[in-house]
Amino acid sequence: MIAHATPVKTYCLIFGGLLLLTGLTVAASLAPLGGLHTLVALAIASAKAALVLLYFMHLADSSRLTWVVALSGLLWLAILIILTMSDYLTREWWRVTDG
Amino acid sequence: MSAESVHHDAHHDAAHHDAVEGQAAAPRSPQAGHSGAHHPALAHHFDSLEQQQEAQSLGMWIFLASELLFFGGLFTVYTVARWAYPEAFAFASGHLVLWLGTLNTVVLLTSSLTMALAVRASQTCELRSLRGYLVLTIVLGVVFLGIKMTEYYLDYREHLIPGPMFSLAGHELPDPLPGGTREFTRHVELYFWIYFTMTGLHALHMIIGIGVLGVLLILARGGRYTTGYFAPIEIAGLYWHFVDIVWIFLFPLLYLIHHGGAA
């Protein structure tokens, strides 16, 4: 009946990686990175999210249909944020030409 | 569904199983009937328990995708407001207690590990460890909420709860102050609106998750989820990990803005 259950060791390794990345993101926030802080923080958070998705949530061995659903969530989130910011970020351009 | 993730269902007769092998998400073949003994949890409109569990987990993923957009609206508000008032956000973020936030991140990540191990125990049919890991996950979830409440209380004492009581009177404001004191205070208050809304919505999800795990803990007593039918535990796990991922992004976005200077 046991199918392919992920070994406990794998889960522990992923957990260790997550703790390491948490330490790293706190350390990076204290380091003098100039304007890169947000980018670094988001990159580390994305790496952590990927570990949780792939291993804890078993996306790594899920069907392609599951991948489509998971990625569609991300796609719509990207549309939401990118379209909104493309408005805010470009408003100043108009103000300049208006004089 | 990929071949290596096939969970063999011993309660199911072999011929029946062959009919669905490798096409769990596809419509069932017409010859698949109800011959032979099958798992008591198998609903009659599924060919096999494995196909059923695949469908159940897919449904959860669809729900989580909609949850992502539920939180996504707030992440968008955060993005716009932080873009507009970077100094106020950096200043406000500096008033959170970093070590409590970091500790809470570790607590939540640990609860994700115990949740993953609970799902594993359900898959390997070990009732004692399933219940043990569920209890651990619930306890860690409660600890998380306890730390969160402590942080809220500290904010309350410092008049950082948005509304009529909000005040920066006792705080040292940054020296070249962008805009006037009034404007700056309003922007800091906006940060705290967003902070309390996002962490509050996250905490609500934690409370619901703890409730779900509590129900599963009771239902699991008779061995309901340790005979090959693990979908309810797995689905609760997916939800729990999703809430963990939301926190993984909330933590740096809310707590870690200030140290390296603005923006």
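The values are calculated or read from the model by the stated rules, or taken from the named source; none is laboratory data. Just so you know, these numbers come straight off a predicted model, no measurement behind them. Neighbour counts run over all protein chains shown; Cβ positions are idealised from the backbone, glycine included. Heavy atoms of the whole protein, side chains included, go into the accessibility calculation; ligands, DNA and RNA do not. Shrake-Rupley method; radii C 1.70, N 1.55, O 1.52, S 1.80 Å.
So that you can scan it fast, the table gives a plain yes or no per residue for (1) more than 16 Å from B:A84 (Cα to Cα); (2) surrounded by 12 or more Cβ atoms within 10 Å (Cβ to Cβ); (3) of a type outside the set (D, E):
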position: B:A169; (1), (2), (3): yes, no, yes
position: B:E172; (1), (2), (3): yes, no, no
position: B:P176; (1), (2), (3): yes, no, yes
position: B:E183; (1), (2), (3): no, yes, no
position: B:L190; (1), (2), (3): no, yes, yes
position: B:I210; (1), (2), (3): yes, yes, yes
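Is at least one residue of region B:107-116 within 14 Å of B:Y255 (Cβ to Cβ) and touching a residue at least 60 places away in the same chain (Cβ under 8 Å)? Yes. In region A:25-41, what residues are part of a helix (DSSP H, G or I), open to solvent by 30 Å² or more (accessible area, probe 1.4 Å) and out of contact with any helix residue (DSSP H, G or I) (no Cβ under 6 Å at 6 or more places or on another chain)? Scanning region A:25-41 gives A:A27, A:L30, A:G34, A:G35, A:L36, A:T38, A:L39. Please go through region B:222-253 and pick out each residue that is of a type in the set (V, I, T) and either within 8 Å of chain A (Cβ to nearest Cβ) or not in a helix (DSSP H, G or I) (or both). The answer is B:T226, B:T227, B:I245, B:I248. Residues in region B:47-58 that are of a type outside the set (S, T, Y), more than 7 Å from chain A (Cβ to nearest Cβ) and open to solvent by less than 40 Å² (accessible area, probe 1.4 Å): 6 in all. Consider region B:70-90 and keep the residues that are within 19 Å of B:W247 (Cβ to Cβ) and surrounded by fewer than 16 Cβ atoms within 10 Å (Cβ to Cβ). The one that is farthest from the other protein chains (Cβ to nearest Cβ) is B:F70. Identify, please: which residue in region B:93-118 is over 15 Å from A:K48 (Cβ atoms), more than 8 Å from chain A (Cβ to nearest Cβ) and in contact with a Ser or Thr (Cβ under 9 Å, 6 or more places away or on another chain) and is, among those, most open to solvent (accessible area, probe 1.4 Å)? Of everything passing the filter in region B:93-118, B:V97 is most open to solvent (accessible area, probe 1.4 Å).
If you scan region B:217-228, which residues turn out to be surrounded by fewer than 23 Cβ atoms within 10 Å (Cβ to Cβ) and touching a residue at least 24 places away in the same chain (Cβ under 8 Å)?
Pass one, region B:217-228, residues surrounded by fewer than 23 Cβ atoms within 10 Å (Cβ to Cβ): B:217-224, B:226-227.
B:L217, B:A220, B:R221, B:G223, B:R224, B:T226, B:T227 - these are the residues of region B:217-228 that are surrounded by fewer than 23 Cβ atoms within 10 Å (Cβ to Cβ) and touching a residue at least 24 places away in the same chain (Cβ under 8 Å).
Taking the listed residues A:A47, A:A41, the one that is at the interface with another protein chain (Cβ under 7 Å from one of its Cβ atoms), within 16 Å of the chain's Cα centre (by Cα) and at negative phi is A:A41, with no other qualifying.
Within region B:138-155, the set of residues being open to solvent by 30 Å² or more (accessible area, probe 1.4 Å) and either free of Cβ contacts under 8 Å to residues at least 12 places away in the same chain or farther than 15 Å from B:T110 by Cα (or both) comprises B:V139, B:G146, B:M149, B:T150, B:Y152, B:Y153, B:L154.
What tally of residues in region B:119-132 results from selecting those that are within 11 Å of chain A (Cβ to nearest Cβ) and open to solvent by 30 Å² or more (accessible area, probe 1.4 Å)? So the count comes out to 4.
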